[in-house]
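Rule-based calculations on the coordinates, nothing more; no lab input. Nothing here was measured: the structure is a model prediction, and the numbers come from that model. Virtual Cβ from ideal backbone geometry, glycine too; neighbours counted across all protein chains shown.
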Amino acid sequence: MPDPLADTSILEAAFYGSLALFAVLEHLWPRRDEGYSFLVRWGSNFGLFIFELLITWVLLPGGMIALAVYAQAQGWGLLNLLTPRSALLATVATVLLLDMTKYWEHRLLHRLPWLWRMHVVHHADLDVDFTTTLRHHPFEILFSMVVGLLAVIVLGLSPLGIFVFSLLAAVVTTMSHANIRWNKTVDALLRLAIMTRDAHAVHHSALRKETDSNYSIVFIWWDHLFGSYRAAPEKGLDDFDVGVEYFRSAADLTLPAVLSMPFRLPKAAFSPRAAEGIREGPE
């Protein structure tokens, strides 16, 4: 029987299966009408994903799981130093620690100007759907990769825990971006534990105070715990403005324009306006 941790096809099936599933569901039950050419947007978003795959294959062929196996054998990191060591507890602790790490990584992407330059690519999508999940600048992918590797070494993350978190993140992050109209009761129940589409929609609002909220990746309780939770956009889930103020034309959706965004941010992007105004960048 093949080792599931060594077989990346399981993670790939979960990820690509989620993309396909939510692509169909958002066609059947769309939340918002998309105002821009999906051919241009999808071309750019999938183009960015190809860059991500190339970076991953070249720089980290074995992935975080391979590093975690090596770190475990060497006894590196907090969880690997704990004795007696329970495999179940190590798995659960890894899922929680990695999700919390990603929460704070996400907050830093909004807080620090040099990181916001990279992350603005994700927020500059003028419609949000399942392909927005893929929309990250190559520089942000590199930064996220470094954070993940450091977390593995410092925290001694469990290989199985990383595998479980990766499965959860593949499904939840795609679901939270998919343009689907969810039943309010279902959303409320899911929102007790995980990041839902309606909760994450607030994060893609053009209003600064709404963009800087709901940072969680899988478990939504980090936003509650650290004071960054916002229930809904002020204008409602059907009428709020998506994106950022300084990239709002159809020309900004092309792949060359998207790749150059970190270098084209105006100085005003780093001068905060009133809390009620349009988001212009980190505080």
Would you mind checking which residues have amide H under 5 Å from I194's amide H? H placed 1.01 Å from N; only 5 or more apart, or other chain. I220
Starting from the Cα of K267, draw a straight line to each of the lysines and keep only those under 24 Å, dropping any in the same chain fewer than 8 residues away. K209
Counting other Cβ atoms within 10 Å of each Cβ, which trypsin sites (Lys or Arg not before Pro) in region 10-95 have at most 15 and sit in a DSSP loop? R85
Using each residue's phi in region 111-123, evaluate 6.51 cos²θ - 1.76 cosθ + 1.60 at θ = phi - 60° and report the 3J(HN,Hα) Karplus result to the nearest Hz, with x for Gly and Pro. 8, 8, x, 5, 7, 4, 4, 7, 6, 4, 4, 5, 7
Give the long-range amide H neighbours of I180: residues separated by 5 or more places, or on another chain, with amide H under 5 Å away, using H modelled in the peptide plane at 1.01 Å from N. R31
Using the Karplus curve 6.51 cos²θ - 1.76 cosθ + 1.60 with θ = phi - 60°, work out ³J(HN,Hα) for each residue of region 264-269 in order, rounded to whole Hz, and write x for Gly and Pro. 10, 5, x, 4, 4, 5
List, in order, the whole-Hz ³J(HN,Hα) value for each residue of region 90-95 obtained from phi through the Karplus relation with A = 6.51, B = -1.76, C = 1.60 and θ = phi - 60°; use x for Gly and Pro. 5, 5, 4, 4, 5, 4
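Give me the number: length gained by fully extending L53 to L142, i.e. 0.36 nm times residue separation minus the C-alpha to C-alpha distance, one decimal in nm.
Here the answer is 30.9 nm.
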